[in-house]
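Asker: I have a structure here, written as structure tokens, and I will follow up with some questions on it.
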């Protein structure tokens, strides 16, 4: 098995991970300081969210220069040192590759903005008149500059690149080669199935994302991924995981089929949509049976999955799919499920200590650009302020971006409001507590790595009655049964086999709230 198949991935959002110099912003030296912590946790691969030079309208996902480091995070020397010191600990790094768009502060766009005759004009997508496409961040996808409009599927500060231009493809290959030569292990490819636009015609009317049929998972998109694999990635030992918008299992299989040579792994979202109505801003009550159904669907459909419950774009899992009253129990249950399914587990910073959603009470405390854009759109639609505030405070991406809680003191002048519960939910306390969520993650990761069933085995759903997720993992003559009560209610369930690992210290003849365990089937 390759490293990415048997290993544990840990996502770091640099701005919020660890501040080494007291300026309130996380940095590369701060990550270096915590490499031993990550090694002890059992991490094999770091997914590093963008550290590139950026005006930070979208915290690095608006790249101003792919070859420079944001000075707030440090220098290129710091980046080189991080790669080197991580590798000494047998930890590899994958970088975010953002090639759907650049910042409007990128020098390519500044040149393009000088006029239609500028050679960089064709690096981006321009139109004389707007079409009816809708932005992922709300509102229109077009911004006027002089006598034309440029396309932005996301914020207006993120201008879409023109992947029909061979020069842009060449630039992308050069960027990838530069970073792979530095010793990184590969890339997490941002919104990678929307990078090629077939046409700029008006789209079919949808609630938000009008125009999808012109750019979602196009055939040329697949061809570009094959070209990047053939001309760059195949020259290195690499791992690529693609963030894929609105992807179906069939489309995911097309993207990651080994014979097609496109991506190694696909980040899908269906299980992240189980508490949404239409889109993430319209929340509905979470029902565990929908989560079980989505997980089982993807486990059955794909040979290998990207396993995750959190990332930088999602509210905290224990606040969504667990219950604060049962903080430890529900966080550990989610950990046991995550680390028992078939695929590569991705842990997001702070998930391993059960960090919760932020303490935000008003829009003034939110920094996320998407949230502010949605507020503006919501007000234009005449959604009452009180209702709109409630909506955005439930779903804002900033819930995942509050500063990592290392100790009860917290950060000095943090860039984003930190949680009050840092006083008791923090790494320092967790390391001292044998029963902590962190120590359960360590135990579960070690168990997984030593189990052929969990690292190599097949998956089979056994039952989902009464929101108890029961599945089997098997390899050759070995079988494990995973039982997870995904509710805060007691549930009737009992097996006589000895428990190998559990989130409760003892076993009784029924399942307690959020109780989860693994038993060996003999």
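Asker: Look at the stretch 465-475 and say how many of its residues are farther than 14 Å from residue 299 by Cα and either surrounded by 17 or more Cβ atoms within 10 Å (Cβ to Cβ) or modelled with pLDDT under 95 (or both). Full working, then the answer.
Answerer: Quick first cut of the stretch 465-475, residues farther than 14 Å from residue 299 by Cα only: 465-468, 475.
Filter again for either surrounded by 17 or more Cβ atoms within 10 Å (Cβ to Cβ) or modelled with pLDDT under 95 (or both), leaving 467-468.
Within the stretch 465-475, residues that are farther than 14 Å from residue 299 by Cα and either surrounded by 17 or more Cβ atoms within 10 Å (Cβ to Cβ) or modelled with pLDDT under 95 (or both) number 2.
Asker: Only one of (1) surrounded by 18 or more Cβ atoms within 10 Å (Cβ to Cβ); (2) farther than 24 Å from residue 48 by Cβ fails for residue 401. Which number is that?
Answerer: (2)
Table: residues versus (1) assigned to a helix (DSSP H, G or I); (2) within 29 Å of residue 265 (Cα to Cα); (3) modelled with pLDDT under 90.
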position	(1), (2), (3)
332	yes, yes, no
341	no, yes, no
355	no, yes, no
364	yes, no, no
367	no, no, no
379	yes, no, no
383	no, no, no
389	yes, no, no
393	yes, no, no
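Asker: Please state which of the following conditions residue 390 fails to meet, knowing it meets all the rest: (1) within 20 Å of the chain's Cα centre (by Cα); (2) farther than 26 Å from residue 17 by Cβ.
Answerer: (1)
Asker: Further, regarding this structure: Of the residues 138, 134, which is surrounded by 15 or more Cβ atoms within 10 Å (Cβ to Cβ), within 25 Å of residue 13 (Cβ to Cβ) and at pLDDT below 95?
Answerer: Working: 134 fails: within 25 Å of residue 13 (Cβ to Cβ).
Only one candidate passes the filter, namely 138.
Asker: What tally of residues in the stretch 119-131 results from selecting those that are surrounded by fewer than 18 Cβ atoms within 10 Å (Cβ to Cβ) and within 29 Å of residue 395 (Cβ to Cβ)?
Answerer: Of the residues in the stretch 119-131, 1 are surrounded by fewer than 18 Cβ atoms within 10 Å (Cβ to Cβ) and within 29 Å of residue 395 (Cβ to Cβ).
Asker: Out of (1) at pLDDT 95 or above; (2) farther than 22 Å from residue 296 by Cβ, the odd one out for residue 522 is which?
Answerer: So residue 522 meets the others, but not (1).
Asker: List the strands (runs of 3 or more DSSP E) inside the stretch 220-286, counting only whole elements, that have at least 1 residues being under 30 Å from residue 388 (Cα atoms), touching a strand residue (DSSP E or B) at 6+ places or on another chain (Cβ under 6 Å) and modelled with pLDDT of 95 or more. Talk me through it step by step, then tell me what you get.
Answerer: Numbers: elements: 239-243, 265-267, 279-283.
Correct list: 239-243, 265-267.
Asker: Separate question: Take the residues in the stretch 190-212 that are assigned to a helix (DSSP H, G or I) and at pLDDT 95 or above; name whichever of them is farthest from residue 267 (Cα to Cα). Don't jump to the end; show me each part of the working.
Answerer: Start the filter on the stretch 190-212 by keeping residues that are assigned to a helix (DSSP H, G or I), which leaves 192-194, 212.
Filter again for at pLDDT 95 or above, leaving 192-194.
Numbers: 192: 10, 193: 11, 194: 14 Å.
The selected residue is 194.
Asker: Let me ask something else about it. Just to verify a result, which residue in the stretch 479-489, among those that are assigned to a strand (DSSP E or B) and in contact (Cβ under 8 Å) with a residue 40 or more places away in the chain, is surrounded by the fewest Cβ atoms within 10 Å (Cβ to Cβ)?
Answerer: 479
Asker: Evaluate the stretch 106-118: report whether one residue or more is within 25 Å of the chain's Cα centre (by Cα) and within 22 Å of residue 369 (Cβ to Cβ).
Answerer: yes
Asker: So, in the stretch 490-522, exactly how many residues are assigned to a loop (DSSP other than H, G, I, E, B) and more than 30 Å from the chain's Cα centre (by Cα)? Break it down into steps so the answer makes sense when it comes.
Answerer: First, pick out the residues of the stretch 490-522 that are assigned to a loop (DSSP other than H, G, I, E, B): 490, 492-498, 503-510, 512-515, 521-522.
With more than 30 Å from the chain's Cα centre (by Cα) added as a condition, the list becomes 490, 492-498, 505-510, 512, 521-522.
So the count comes out to 17.
Asker: Kindly indicate the residue of the stretch 418-443 that is in a loop (DSSP other than H, G, I, E, B) and buried (at least 17 other Cβ atoms within 10 Å of the Cβ) and also farthest from the chain's Cα centre (by Cα) among those meeting that condition.
Answerer: Out of the qualifying residues, it is 436.
Asker: So, one more: Output the residues belonging to the stretch 287-322 that are free of Cβ contacts under 8 Å to residues at least 40 places away in the same chain and part of a helix (DSSP H, G or I).
Answerer: Passing the criteria: 290, 294, 317, 318.
Asker: When the stretch 467-477 is examined, which residues are found to be more than 19 Å from residue 304 (Cβ to Cβ) and either in contact with a helix residue (DSSP H, G or I) (Cβ under 9 Å, 6 or more places away or on another chain) or in a strand (DSSP E or B) (or both)? Let's see the steps before the verdict.
Answerer: Filtering the stretch 467-477 down to residues more than 19 Å from residue 304 (Cβ to Cβ) leaves 467-470, 477.
Result: 467, 468, 469, 470.
Asker: Give me a count of the residues in the stretch 187-205 that are over 13 Å from residue 98 (Cα atoms) and touching a strand residue (DSSP E or B) at 6+ places or on another chain (Cβ under 7 Å).
Answerer: 1
Asker: Go through (1) crowded, with 19+ Cβ neighbours inside 10 Å; (2) more than 20 Å from the chain's Cα centre (by Cα) one by one and return the number of the condition residue 317 breaks.
Answerer: It fails just one condition, (2).
The values are calculated or read from the model by the stated rules, or taken from the named source; none is laboratory data. In this text the structure is predicted, and so the values were computed from the model without any measurement. Virtual Cβ from ideal backbone geometry, glycine too; neighbours counted across all protein chains shown.
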